[in-house]
Amino acid sequence: MNPAIADRFSKLAEADKAGQSAYARHLGEALLAIDPGHVLALLIVADQLIVHSQYEKASQIFDRLEAIALPEKKRYRLLVLRGELLEKRGDYAGALSEFVKAHELRPALASPLIYASSCAFQNGDLEQALDLACRASACPEGCIDEALFNQGGYLVALKRYEEARPCYVQSLAMD
């Protein structure tokens, strides 16, 4: 890799990790002006565009990334980001689908199923939300406490109070 590009990407990654969204977006766009196909920069810029409610621009980046054969880790990130974009646009069914696809790439990780359960809930499908939260709480990695807490919430929404209590107790015990 070109040393100038590597240096710029290093600064971009640091800004992104530090939560400096506007600066990360600026650095990412500058890097893409030099190397328009830099996949990690595209992913970071798309993420920052979503943060700044620039949904159409983020969607255009996703379309560019779809044309590239991405390794599994980057494909996973693309699916999660696309799910986040669709969720922010109110397309809960589309977002749920993207999160489930992301989970299929990393089945040990609870997070995509937690996101998917939230989308099912927002879409009014409490049974699906509960099923996804139960699956998430059985995963070996990720925010299992959050999955259990959400599971309890979905059970309360379904008026299954006795089943909800142990979920909350377990969740709080994990903190």
statement: For region 67-120, the charge dipole (Cβ of Lys, Arg +1; Cβ of Asp, Glu -1; about the Cα centre) points to a positive end, and the Cα of CYS119, LEU96, LEU79 closest to that extreme belongs to LEU79
- prompt: Averaged per residue, what accessible surface does region 79-175 expose to a 1.4 Å probe, in Å²?
  reply: 50 Å²
field: Listed residues ALA110, LEU40, LEU148: farthest to the positive end of the dipole of the chain (Cβ charges)
entry: LEU40
field: Carbon and sulfur %, accessible surface of region 52-150 computed with the full protein complex present, 1.4 Å
entry: 48 percent
query: Which whole-Hz ³J(HN,Hα) couplings does region 36-41 yield from phi under the Karplus relation 6.51 cos²θ - 1.76 cosθ + 1.60, θ = phi - 60°, glycine and proline marked x?
result: x, x, 5, 4, 5, 5
query: Among the lysines, which fall within straight-line cross-link reach of LYS57, defined as a Cα-Cα distance under 20 Å, with same-chain neighbours fewer than 8 residues apart omitted?
result: LYS74, LYS88
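Estimate the FRET efficiency between GLU56 and TYR168 by the formula 1/(1 + (r/R0)^6), using the beta-carbon distance for r and 41 Å for R0, to the nearest 0.05.
The formula returns an efficiency of 0.55 here.
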- request: Let me know the charge dipole size of the chain about its Cα centre in debye, to the nearest 20, where only the beta-carbon of Lys, Arg (+1) and Asp, Glu (-1) is charged.
  value: 260 debye
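Can you give the extra length, in nm with one decimal, that the chain gains between ARG64 and LEU40 once fully stretched, where that is 0.36 nm per residue apart less the Cα-Cα distance?
That pair, ARG64 and LEU40, stretches by 7.4 nm at full extension.
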- prompt: So how exposed is VAL156, as accessible area in Å² (1.4 Å probe, rounded to 10)?
  reply: 60 Å²
query: Mean separation of Cα pairs under 8 Å and 6+ residues apart, divided by the residue count of the chain: what relative contact order is that in percent?
result: 11 percent
field: region 49-152 - charge dipole about Cα centre, Lys and Arg +1 at Cβ, Asp and Glu -1, debye rounded to 20
entry: 460 debye
- line: For region 22-71, the dipole about the Cα centre with charges only on Cβ (Lys and Arg +1, Asp and Glu -1), to the nearest 20 debye, works out at 80 debye
- prompt: Is the shape of region 44-96 best called rounded, prolate or oblate, per the rule: a/c under 1.5 gives rounded, else a/b larger than b/c gives prolate, else oblate, with a ≥ b ≥ c the square roots of the Cα gyration tensor eigenvalues?
  reply: oblate
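The values are calculated or read from the model by the stated rules, or taken from the named source; none is laboratory data. Source: prediction; values computed, not measured. Cβ coordinates were reconstructed from backbone atoms using ideal geometry, including for glycine residues, and neighbour counts include every protein chain displayed. The area values use the complete protein model at the heavy-atom level, side chains included, leaving out ligands, DNA and RNA. Shrake-Rupley method; radii C 1.70, N 1.55, O 1.52, S 1.80 Å.
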